[in-house]
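A short worksheet on the structure shown next.
The values are calculated or read from the model by the stated rules, or taken from the named source; none is laboratory data. Predicted model only: the values in this text are computed from it and were never measured. A quick note on method: Cβ atoms are made from the backbone with ideal geometry, for glycine too, and the neighbour counts reach across all protein chains shown.
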Amino acid sequence: MYTILEELELPQGIKKLKLDEKQKLARDIRDILVKSVASCGGHLASNLGVVELTIALHSVFDTHTDRIIWDVGHQSYVHKILTGRFRDMDTLRQFGGLSGFTKCRESTHDAFDTGHSSTSISSALGMALARDRLGESYSVIAVIGDGALTGGMAFEALNHAGHLGTDLMVVLNDNEMSISRNVGALSGYLNRLRTDPSYSRTKEEIETVLNRIPRIGSSLASAASRFKDKVKYLMVPGILFEELGFTYIGPVDGHNLQDMTLVMSNAKRMKGPILIHTITQKGRGYGPALENPDVFHGVGPFDIDTGSQVRKPCKTYTQLFGDYMVQKAQEEPRLVAITAAMASGTGLSDFALGYPERFFDVGICEQHAVTMAAGMAKAGLKPVVSVYSTFLQRAFDQVIHDVALQNLPVVFAVDRAGLVGEDGATHQGAFDLAYLRIIPNLTIMAPADGRELTAMLDKALEINGPVAIRYPRGIAESVGTEPDPIEIGQGRIIQDGRDLAIIAIGRGVKMGRELAGLLNQNGISAMLYDARFAKPLDREGITGLARRFTYMVTIEDNCLAGGFASSILELMADEGLHDCQLIRIGLPDDFVEHGRVEQLFEYLGMDPAAVLAKIVDQWPKLTRNRSLELLKFGEK
């Protein structure tokens with residue numbers, strides 16, 4: 001179907017194509033992108049915007065040896081297609097299929113695993129320094145989006161790279177600005193002049209000749225250099241990068257294959273750190289994505305003709321949180337919301353529209369977001385920091401040093417806690433219970449359903465200290481009657497039982513319901529206990545269960561190492577409760593790859609059938625006198 005791709009030896013064959021063939025290739029790639037993301041979901045708008053940019057990169061560089069680092073890795077779909085993975089694009093983000101990010105284990109053409117943003121320049125500089133140290137020769141290119149450039153780490157790396165003067169190329173993919181004709185024309189002239197090898201040679205020759213003139217030569221050379229700097233300040237739009245030590249080239253039309261290839265070819269021969277500023281359009285080539293790039297940044301499966309997604313009738317935890325914030329803002333004027341470039345993803349879009357003066361999107365700067373929230377809390381506001389679990393990791397020190405140490409009332413709405421599914425290892429919220437529960441003064445809650453989320457948010461805003469509420473991606477089901485009022489450090493019994501106790505937290509409660517139902521079907525009466533709090537633990541309630549039951553199962557959607565079950569083991573050891581046997585169900589000491597959440601739970605042995613089999617295997621006394629049907633089921 002895609003003749004050029006089928007016939008090419010990828011990626012080397014791209015270099016042999018004529019301009020019109022590359023333009024045909026670009027059209028084919030956009031067709032593949034739309035069809036594959038419509039089927040599998042993923043990041044569409046950003047990838048549609050880098051088609052020509054990626055073709056130009058592969059026209060100039062050879063990823064068998066040269067290193068291209070994508071920041072963030074979700075804009076690498078075109079790179080995957082051009083490195084021979086186009087036949088597998090229908091497996092994108094599916095269990096056992098292609099990752100939605102760059103993955104070194106997936107292909108030798110992927111130079112570095114990138115899921116969090118603003119890391120590319122640091123890793124690229126590290127590779128360039130290793131190359132020089134080992135006496136090797138290859139190009140290192142960091143492709144960074146304008147959003148990722150807002151991260152402080154990117155500027156730290158720019159500053160260091162400019163200081164060292166190492167050969168390194170940074171391609172800034174700017175899809176927010178438009179090209180001014182005047183600036184674009186002037187920049188085009190300057191770019192051709194400055195990337196032309198004869199310009200660099202002539203400049204050096206003139207400086208050499210001037211410096212040889214007795215007495216006045218060095219003064220003339222210095223004056224010429226100062227004059228050049230003054231002109232740069234007036235005429236070069238990237239003077240910030242120039243001051244950091246980079247040679248700035250741009251803006252360049254990122255959809256003009258001819259210009260992009262020429263600029264990169266010339267820049268490849270230049271010495272020192274180079275920054276190429278390209279202008280691209282998110283969603284280019286597909287109308288719905290071009291009109292709504294935010295919607296098609298990360299999108300689920302959709303109808304290609306209309307661009308519409310299948311909407312589920314039930315609300316997600318994210319939507320419930322967003323609704324709560326809008327409603328609460330009406331009655332609490334001190335409430336403010338903070339997010340790090342994730343207004344839509346964290347459910348704060350309506351809050352931003354309704355209360356723009358109380359909404360703060362800090363860019364991809366989680367550390368700044370947390371410390372700014374600390375300042376707000378110190379001065380009398382009620383800040384809520386809405387952030388994905390995996391991204392809160394980046395502000396771990398700020399949570400400790402700037403919030404918890406001063407016991408400031410900052411609420412952390414920790415979205416995407418636990419397994420998130422198709423985004424894979426870099427985005428699984430697998431560690432937050434473990435890394436948060438070690439922090440003094442911090443209260444940690446996890447709702448079992450939508451009703452509990454709302455109740456916990458109310459309670460969090462009452463607490464005069466830091467609070468984290470972690471909740472999963474997905475539908476917020478509300479099961480049973482209205483939950484009991486939230487009391488700090490107290491859980492609740494959902495259903496009573498005689499034979500064993502299931503202690504669950506967060507999404508683990510839903511899994512506990514399914515397990516309890518399966519156990520009851522097989523003659524084992526199970527109690528289900530919703531812990532609600534990871535910190536402080538319900539010491540009285542949990543020790544009471546440990547004294548009452550010989551067998552307990554803990555369930556958490558978090559890593560077992562240092563997680564919720566670990567806190568229960570610590571409590572039991574402190575209380576001398578050694579007779580109670582415990583099976584811990586949670587995420588393994590490993591990075592969990594991509595796939596649907598249900599598939600991943602089954603793969604990890606966390607589904608009810610697998611847990612039942614473990615109970616049968618480990619506790620034969622409990623199951624010996626039960627039905628043979630149970631034993632057969634467990635053996636499966």
I'd like to verify a number: residues in segment 347-358 that are surrounded by fewer than 17 Cβ atoms within 10 Å (Cβ to Cβ) and free of Cβ contacts under 8 Å to residues at least 24 places away in the same chain, how many?
3
Among the residues of segment 139-173, how many are assigned to a helix (DSSP H, G or I) and among the small types (Gly, Ala, Ser)?
6
From the list Ile249, Ile279, pick out the single residue that is farther than 25 Å from Tyr77 by Cβ, surrounded by 22 or more Cβ atoms within 10 Å (Cβ to Cβ) and of a type outside the set (Phe, Trp, Tyr).
Ile249
Answer yes or no as to whether Glu570 is part of a helix (DSSP H, G or I) and farther than 27 Å from Lys621 by Cα.
no
Filter segment 545-581 for residues that are hydrophobic (A, V, I, L, M, F, W, C), surrounded by 20 or more Cβ atoms within 10 Å (Cβ to Cβ) and closer than 22 Å to Glu598 by Cα and give the result.
Val553, Ile555, Cys559, Phe564, Ala565
Any residue in segment 363-379 that is closer than 30 Å to Gly421 by Cβ, surrounded by fewer than 24 Cβ atoms within 10 Å (Cβ to Cβ) and in contact with a strand residue (DSSP E or B) (Cβ under 6 Å, 6 or more places away or on another chain)?
no
Odd one out for Gly363, checked against (1) modelled with pLDDT of 95 or more; (2) farther than 24 Å from Glu487 by Cα:
(1)
I'm trying to understand the selection: among the residues of segment 120-162, which are in contact with a strand residue (DSSP E or B) (Cβ under 8 Å, 6 or more places away or on another chain), buried (at least 24 other Cβ atoms within 10 Å of the Cβ) and not hydrophobic (A, V, I, L, M, F, W, C)?
Ser120, Gly145
Quick count over segment 296-331, residues being closer than 27 Å to Tyr355 by Cβ, at pLDDT 90 or above and surrounded by 14 or more Cβ atoms within 10 Å (Cβ to Cβ), is 14
Look through Gly307, Gly380, Gly354, Gly285 and report the one residue that is touching a Leu at 6+ places or on another chain (Cβ under 9 Å) and not aliphatic (A, V, I, L, M).
Gly285
Qualifying position, being free of Cβ contacts under 8 Å to residues at least 24 places away in the same chain, out of contact with any His (no Cβ under 7 Å at 6 or more places or on another chain) and not hydroxyl-bearing (Ser, Thr, Tyr), among Glu514, Glu540:
Glu540
Among the residues of segment 503-524, write down those that are part of a loop (DSSP other than H, G, I, E, B) and modelled with pLDDT of 95 or more.
Ile505, Gly506, Arg507
When residues of segment 10-42 are limited to those that are of a type outside the set (Gly, Ala, Ser) and outside any helix (DSSP H, G or I), the one farthest from the chain's Cα centre (by Cα):
Lys18
I want to confirm something. Restricting to segment 395-421 and keeping residues that are buried (at least 24 other Cβ atoms within 10 Å of the Cβ) and of a type in the set (D, E, K, R), which single residue is nearest to Gly42 (Cα to Cα)?
Arg416
Considering only residues of segment 7-20 that are under 20 Å from Thr63 (Cβ atoms), loosely packed, with under 14 Cβ neighbours inside 10 Å and of a type outside the set (Lys, Arg), which is modelled with the highest pLDDT?
Gln12
Report, by residue number, each residue of segment 66-111 that is surrounded by fewer than 22 Cβ atoms within 10 Å (Cβ to Cβ), on the phi < 0 side of the Ramachandran plot and part of a loop (DSSP other than H, G, I, E, B).
Asp66, Gln94, Phe95, Gly97, Cys104, Arg105, Glu106, Ser107, Thr108
